[in-house]
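**Q** One structure, as structure tokens, below. Some questions next.
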Amino acid sequence: MTTPVNDYEERKALGKKIYETKIKHLVEPQGKGKFVVIDVTTEDYAIGSDLGYTTQELRNRRPNAVTHTIRVGHKAVFRLRSPRKIIWNPEG
């Protein structure tokens, strides 16, 4: 696969397809919580516990990588939480 992938939705679909067909059976369940960074143009990937290092590992091999990231065993790469309301009473 050598065609450039510029559209986010296309890159996301390709990344999920590559993960489901070629990577998932290799990394689950022992890799739960780890990041998988996939180059959707070459189907090369890197896996690790730190997203920055894992991305750099793939970019060292594939400087022009078009990437999609998946977190093993999770629906999303990051979990966003709303800030909790803190009630402060200056009088005690």
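**Q** Can you tell me which residues in segment 5-25 are surrounded by fewer than 11 Cβ atoms within 10 Å (Cβ to Cβ) and modelled with pLDDT under 90?
**A** Selection gives 6, 7, 8, 9.
**Q** Would you confirm, using the coordinates I've provided, whether residue 28 is modelled with pLDDT under 90 and within 15 Å of the chain's Cα centre (by Cα)?
**A** yes
**Q** Out of curiosity, is residue 76 of a type outside the set (S, T, N, Q) and at pLDDT 85 or above?
**A** Here the answer is no, as residue 76 does not meet what is asked.
**Q** A further question follows. For segment 49-67, enumerate the residues that are under 14 Å from residue 34 (Cα atoms) and outside any helix (DSSP H, G or I).
**A** 49, 50
Conditions (1) out of contact with any helix residue (DSSP H, G or I) (no Cβ under 9 Å at 6 or more places or on another chain); (2) surrounded by 14 or more Cβ atoms within 10 Å (Cβ to Cβ); (3) modelled with pLDDT under 90, marked per residue:
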position: 2; (1), (2), (3): yes, no, yes
position: 54; (1), (2), (3): yes, yes, no
position: 61; (1), (2), (3): yes, no, no
position: 65; (1), (2), (3): no, yes, no
position: 81; (1), (2), (3): yes, no, yes
position: 86; (1), (2), (3): yes, no, yes
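**Q** Could you list all residues from segment 24-44 that are outside any loop (DSSP other than H, G, I, E, B) and farther than 16 Å from residue 67 by Cα?
**A** Matches in segment 24-44: 24, 25, 26, 27.
**Q** Under 7 Å by Cβ, and 6 or more places apart or on different chains, what pairs join a residue from segment 22-34 that is under 12 Å from residue 45 (Cα atoms) with one that is at pLDDT below 90?
**A** That search, which allows pairs on different chains as well, returns 27/72.
**Q** What are the residues in segment 14-23 that are touching a strand residue (DSSP E or B) at 6+ places or on another chain (Cβ under 9 Å) and under 15 Å from residue 69 (Cβ atoms), if any?
**A** Passing the criteria: 14, 15, 16, 18, 19, 23.
**Q** Let me ask something else. Specify the residue that is surrounded by the most Cβ atoms within 10 Å (Cβ to Cβ); the eligible residues are those in segment 68-77 that are touching a residue at least 12 places away in the same chain (Cβ under 8 Å) and assigned to a loop (DSSP other than H, G, I, E, B).
**A** Among them, the one singled out is 72.
The values are calculated or read from the model by the stated rules, or taken from the named source; none is laboratory data. All of these numbers come straight from a predicted model, not from anything done at the bench. Quick reminder, even Gly has a Cβ in these numbers, built from the backbone with ideal geometry, and neighbours come from all protein chains shown.
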